[in-house]
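The values are calculated or read from the model by the stated rules, or taken from the named source; none is laboratory data. These numbers were taken from a predicted model, which means no experiment stands behind them. We place every Cβ from the backbone using ideal geometry, glycine too, and count neighbours over all the protein chains shown.
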Amino acid sequence: MSSLMEYKCPNCGGAVNFDTSSQSLKCPYCDTTFDMESAKAYDEDLNDVQENEIKWDEYNEKSGNGDWQEGEQDQMITYVCESCAGEIIADDTVAGTKCPYCGNPVIIKNQFAGTFRPDFVIPFQLDKKIAKLKLKEFMKGKPLLPKYFATENHIDEIKGLYVPFWLFDCDTDAKIRYKATKVRTWSDTNYRYTRTDFYSLIREGSMDFTKVPVDGSTKMEDAYMESIEPFDYSGLVEFQTAYLAGLLTNKYDVDADKSIPRANERIKNSVVKSFQETIHGYSSCIAESTNIKLNSGEISYALLPVWILNSTYKGKMYSFAMNGQTGKFVGELPIDKGRAFGFFMAIFGGLAVVGSTLALLL
């Protein structure tokens, strides 16, 4: 009984044929050539390395910190924004406030209930004064920033907010296949030549991950939350309601199960990047297929400290976020169109002068 094996070109993916003149396999589309043993090993690796979905233990009242204890929620109040429907939690010492997401006033709707009790919390280490200072530092050296926006009294709202995060712990075994190239160029009196060699590289190993964070709120900008990482988990303590006194807490609306795809993506990207950093001496290197197996996957629920700053300029609200533990600051700044035009003309004018001078010299 015979079987048919089709070999694929590692460069363009086209089907290759045996070339009698070179006694090797040759791609009719891009002219890449390679010996049959290399092609066979390539296909064996391709069949061996397959995608594998990571599986996690379910997060529930048994695996986590469980339900709220009796009396723990008595002093907690849920504020609901009538504009964006954002929900935040505070103790009853917090009076009427503004929504940290859209800036509109929020009102008390009901007592806090219906969510898991957090396992951990990182208490705020930096106060509102530091948040203001970090915003000033963030605006320094921005020549296109409107002058009016940079004034301190233009800050509409600064709120300390505990943001819900799901933290993922796991051990992984991985096997990743990379496609790499080595490019060599040379020339003679008539032509310039380029030769590209293609390689199939396999990397295998294990990596352990501790507390990979995934934001549990759709109201928080994921790019902002990931940009203010990392948090120092040595400051993680067992949750107590006292940490919420006088502060706001974002109520999670993305549960642990729905956060798993993002956790898987972050873990996979970290493994692929870390393994790729062990590859040296090639002109290019890209991951073609991965096999990442999870040995154990545990999920915990934590509240992490974030300062939210809002400022309005010409009817548009600009939001900033600061890590309430480390001070890392991110945000979007407006651009003064008049300054931007002047800046562009200065550069363009300078280049025009240089061009005219060179023309005269020539």
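Looking at GLY216, GLY235, can you tell me which residue is surrounded by fewer than 17 Cβ atoms within 10 Å (Cβ to Cβ) and under 25 Å from PHE329 (Cβ atoms)? Steps first, answer last, please.
Details: GLY216 fails: surrounded by fewer than 17 Cβ atoms within 10 Å (Cβ to Cβ).
From the options GLY216, GLY235, the qualifying one is GLY235.
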Residue count, segment 157-174, condition surrounded by fewer than 20 Cβ atoms within 10 Å (Cβ to Cβ) and closer than 26 Å to ILE267 by Cα, comes to 3
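Can you confirm whether GLU226 is within 22 Å of LEU126 (Cβ to Cβ) and in a helix (DSSP H, G or I)? Show your work before the answer.
Details: within 22 Å of LEU126 (Cβ to Cβ): yes; in a helix (DSSP H, G or I): yes.
In short, yes.
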For LYS136, indicate whether it is out of contact with any Pro (no Cβ under 9 Å at 6 or more places or on another chain) and free of Cβ contacts under 8 Å to residues at least 60 places away in the same chain. yes
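Counting only residues that are at pLDDT 90 or above and among the hydrophobic types (A, V, I, L, M, F, W, C), which one in segment 225-248 is farthest from the chain's Cα centre (by Cα)?
Going residue by residue through segment 225-248, those that are at pLDDT 90 or above are 225-238.
Keeping just the survivors that are among the hydrophobic types (A, V, I, L, M, F, W, C) gives 225, 228, 231, 236-237.
On the way: MET225: 8, ILE228: 10, PHE231: 14, LEU236: 21, VAL237: 25 Å.
Only one residue fits best here, namely VAL237.
In segment 281-322, how many are farther than 30 Å from SER206 by Cβ and not charged (D, E, K, R)? If you could, list the steps in order and put the result at the bottom.
Of segment 281-322, the ones farther than 30 Å from SER206 by Cβ are 303, 305-322.
Filter once more, so that each one left must be not charged (D, E, K, R): 303, 305-313, 315, 317-322.
Count: 17.
For segment 307-319, which residues satisfy the criterion of being surrounded by fewer than 23 Cβ atoms within 10 Å (Cβ to Cβ) and either in a strand (DSSP E or B) or at negative phi (or both)?
Residues of segment 307-319 surrounded by fewer than 23 Cβ atoms within 10 Å (Cβ to Cβ): 310-319.
Within segment 307-319, ASN310, SER311, THR312, TYR313, LYS316, MET317, TYR318, SER319 meet the criteria.
When you check MET220 against the structure, is it more than 30 Å from CYS9 (Cβ to Cβ) and not in a loop (DSSP other than H, G, I, E, B), yes or no?
Values: more than 30 Å from CYS9 (Cβ to Cβ): yes; not in a loop (DSSP other than H, G, I, E, B): no.
No; evaluated as a whole, the condition is false for this residue.
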Can you find even one residue in segment 162-178 that is modelled with pLDDT under 90 and of a type in the set (Lys, Arg)? no
